Each structure stands twice: as structure tokens, then as C-alpha cells.
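The values are calculated or read from the model by the stated rules, or taken from the named source; none is laboratory data. As the structure is a prediction and not an experimental result, all values here were calculated from the model. We place every Cβ from the backbone using ideal geometry, glycine too, and count neighbours over all the protein chains shown. SASA here: full protein model, heavy atoms, side chains in, ligands and nucleic acids out. Shrake-Rupley method; radii C 1.70, N 1.55, O 1.52, S 1.80 Å.
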Amino acid sequence: MKQILITGGAGYIGSHTAVALVNAGYEPIIVDNFSNSNKNVLIGLEKILGSPVKCHEGDCNDREFMQSVFRENDIQGVIHFAASKAVGESTKIPLTYYSNNINSLIILLEVMKDHSVKDIVFSSSCTVYGQPDELPVKESTPRKDAESPYGNTKKICEDILTDHIKSGAATRVAALRYFNPVGAHPSSLIGELPLGVPANLIPFITQTGAGIREKITVFGDDYDTLDGTCIRDYIHVMDLADAHVKSIHYLAAQPDNFFDLFNVGTGNGNTVMEVIKAFEKVSGKPLNYEIGPRRSGDIEKVWANTDKVTNILGWEPQYGLEDALRDAWNWQVSLEK
Ligand code: NAD
Ligand code: WQD
């Protein structure tokens, strides 16, 4: 069975990708330092899959540790999720973000070269587009100056990968620009586990629905959209996981020294109010919300043009917004049990 290393594999998107990899006949090998995840994820994975997933606990910035992971396994490709991801926090501790997100990629590329591993799927983000001049946004739409140190690390990592390929490296890269990943595995055995007060919309909604938060503030209703609230492209994490499996499969068929990037979103945008209404529908619960001021740095509207990922990777989303909110809600309810 082909072994695929997933750095950050105990995290939100990584854990769902571990499931998708097993279902597609690959063996995931997780590396995680559990800085933003919990070891219970491994129990959830074992319950879903019926057998344990191999996990090496350690830091991607520890070169010797990474060398040992590559020595002990027969890794054929890598999906690099490990990163610090909180936009607000990145403005307070930018050096930690630059160090963790950039060094880990450089070390990984060097260790991959030492072990002749060619294929890497990189977690990028629609944040690199800022507020794009055209919608839906295409891969060819120019990137904007980053709004945060976090966003800048994603731009820099994309640039590192393109420069690495330009240098002639025998590496094959797929950079995936995720839109807004939401939802959970339908079993409710794994899902998103934000530490502290969630910064993101869906966990804030589900925690409010569960009574953990008193109310949710909608950040602004005076934007140039249908109902005045911001638009995002919310993609079910199971669909996103599947895009990684398709990317791994695709890279294996490419020539050496290859780079491509893909938007991974649904192609549809929804306003914050539409999300709240959809949550109320699937949960059967009225949500306590209020309209507040705009959040600084927020993008007004963004959603993906998905022609490329559909035409080249043969990927299409299987889940809709209501599915994602139902699964996120069931996951939240399971956490209370
Ligand atoms: P997450 O925090 O749930 O998962 C990341 C995992 O990486 C965590 O388990 C954490 O413990 C681990 N980790 C972090 N630094 C590490 C290190 N140095 N060594 C080993 N493990 C380390 O985040 P996620 O939502 O699953 O995001 C995965 C990737 O996708 C990240 O690169 C993130 O920037 C990117 N991304 C996420 C979103 C989103 O909204 N969730 C959107 C776009 C891009
Ligand atoms: C979605 C919408 C908020 C919370 C962030 C990162 C981005 C990417 C995805 C990684 C916005 C509104 C939210 C709340 C609200 N991550 N909102 N009340 O801002 O699209 O992107 O996560 O790469 O880089 O910036 O996601 O979930 O924070 O917000 O009204 O309590 O919900 O204003 O319109 P965002 P989000």
C-alpha cells in the first residue's frame, strides 16, 4: 500500500484526509506535534477506519525527527497541512508564524529530496487573493498583498514552491487554495476542535447553538451584497479531503519538476445571514445573533471559480452547505455527550 505522509494529520483537515486516503487505498502516516489538536482524534480515526493510523509525534521543524520519519517508512508522497493558522494570533506573534509555517516547508522539501520523495500537496488558502478584482476568482487572478502575517506565510510558501520548481528540482507540487472548510465527518467521530473562543463562523454558530456562547455577532451588514453581510465559499471538509486524494493521484502521473495550483471551493458564495438561516433549518434551533460592526481586515466577498479543479483533477463537491452545517452541528452535539 502506498504510504502518504500527512503533516498536521491530527488537525481538522488532515484527520479527514486520513480517512479519505484509507478509503482510496493509501496508508496515511501522520506527523503532528499536537500544538493545535488532541490525541483523541486518533481514537476517532481508529473507530471510523477499524484499525489504527500510524502517527509519529514530533515537530516538522525538527529536521532529525523528520529524517527519522522518512527512514522508518516508505513514504511515496506528502500532504503538508502542519502550520499555525489563526489569522488574529498571527498579527500578535508574527515571528512564530513565519518560523513555523515557512521553516517547516523548507525542511520538508530538503528531507524529501534526501529520500527521493517527489510529490507534495501543499495547503494554501484563498486568503492569497485578498479581495479579488474578479469573481468568481480564478487561479490566474493576481494575488494581493497579504492582510496578515498568516496570509503572508501562505504567499511565501507558494513562492518557495515555485522557486524550488524553477530551480529544476525533481519535485511535483500541487498547491491547493482552500476556500472556507466547514463540516465534519458524518459519523461525528472527528471534526473541528477550536481551542478557546472560535474565530471562525461555523464553530461560533454551533457553540452558540449549543449554549456555550450566549450569542453570535454578525460582523457588519452594510457590505455590497444581497443582504449586506459578507460572502464566502463554504466547502465541506469531506469534499476538501477528497481533493487531496485526487491531487496525490494526479501528481503521480506527472513528469518530474512539476507545479500546479487549484482552487478548492464549491463555486458558490453564501452570505453570513444565509449560513445562519441554513443552520437554523438543519438544527431546528433559532440562533441568538446580533448585528455588530465590521471586523477589521474582512474581505467583502469571495468565491471560487472551480473549472480547473473539476476539469483537471476530476473533482466535484458532493456535499452542500446544509450538509456541512448538519455535520458540524452533529459533531458539536457529540462533543457535549
Ligand atoms: P489545524 O490546526 O486543525 O491542523 C494543523 C495541525 O498541524 C494541528 O494538528 C497542529 O497540531 C499541527 N502542527 C502545527 N504546527 C506543527 C509543526 N510544526 N509540527 C507538527 N505539527 C504541527 O488546521 P487545519 O484547519 O486542519 O488546517 C490545515 C492546513 O490548511 C493549514 O496549513 C492551514 O493554514 C490550511 N488552511 C486552513 C483553512 C481553514 O480555514 N481551516 C483554510 C485555508 C488553509
Ligand atoms: C466567515 C464570515 C466573518 C465569525 C478565515 C481566514 C482565512 C481562511 C479561512 C485559512 C466572515 C463572519 C465570523 C463571527 C461573523 N483560513 N463572521 N461572526 O474570514 O473567511 O477566513 O478563515 O487560510 O485565511 O481569514 O472566515 O469563518 O472567520 O468568517 O459574522 O463570529 O463570517 O465576518 O464574513 P474568513 P471566518
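Semi-axes of the equivalent ellipsoid of the chain: what are they in whole Å, largest first, if each equals the square root of 5 times a C-alpha gyration tensor eigenvalue? Write down the numbers at each step before the final one.
Working: eigenvalues 193, 105, 68 Å².
Those come to 31, 23, 18 Å.
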- Query: Using only helices, what value at 222 nm comes out for the chain when you add -39,500 (n - 2.57) per DSSP H run of length 4 or more and divide by the total residues, to the nearest 500 deg cm²/dmol?
  - Reply: -11500 deg cm²/dmol
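Arrange the residues PHE219, PHE259 by how much accessible surface each exposes, largest first, with a 1.4 angstrom probe. Spell out each step's value before the answer.
Numbers: PHE219 85, PHE259 55 Å².
So, going from the largest accessible area down, we get PHE219, PHE259.
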- Query: Mind listing the phi-derived Karplus ³J(HN,Hα) values for the range 170-177, rounded to whole Hz, using 6.51, -1.76 and 1.60 with θ = phi - 60°, and x for any glycine or proline?
  - Reply: 7, 10, 10, 10, 10, 9, 9, 9
- Task: Run the 1.4 Å probe and let me know the accessible area of ILE312, rounded to the nearest 10 Å².
- Result: 80
- Label-point separation (nm) for LEU335 and ASP62, each offset 7 Å from Cα along Cα-to-Cβ? 2.8
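Can you order the peptides 67-77, 42-52, 112-122 by their average number of other Cβ atoms within 10 Å per residue, highest first?
Working: 67-77: 16.5, 42-52: 14.9, 112-122: 19.2.
Final packing ranking: 112-122, 67-77, 42-52.
What size of dipole, in debye to the nearest 20, comes out for the range 5-71 about its Cα centre when the only charges are +1 on Lys and Arg C-beta atoms and -1 on Asp and Glu C-beta atoms? Intermediate values should be presented prior to the final figure.
Details: 5 positive and 7 negative charges, 29 e Å.
In debye, rounded to 20, the range 5-71 gives about 140.
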- Of the peptides 260-270, 86-96, how do they stack up when ordered by the mean number of other Cβ atoms within 10 Å, highest first? 260-270, 86-96
- P(r) for the range 148-280: what percent of alpha-carbon pairs falls in each 5 Å bin, starting at zero? 2, 8, 14, 16, 18, 15, 11, 8, 5, 3, 1
- Using a 1.4 Å probe and ignoring any ligands, DNA or RNA, find the accessible area of TRP303 and quote it in Å² to the nearest 10. 60
- Item | the range 54-196: Lys pairs at Cα distance under 16 angstrom, eight or more positions apart or on different chains | 7
- Query: So which GluC sites (Glu not before Pro) in the range 129-202 end up in coil per DSSP with only 11 or fewer other C-beta atoms within 10 Å?
  - Reply: GLU134
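Go through CYS60, CYS55 and list them by solvent-accessible area, largest first, probe radius 1.4 Å. Provide the component values of the computation, followed by the final result.
Working: CYS60 10, CYS55 45 Å².
If we order CYS60, CYS55 from most to least accessible, we get CYS55, CYS60.
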- Counting sequence-distant residues (5 or more places) and residues on other chains, those with an amide H built under 5 Å from that of GLU27 are LYS2, GLN3, ILE4
- Item | Relative contact order of the range 180-337, defined on C-alpha pairs under 8 angstrom at six or more residues apart (%) | 38
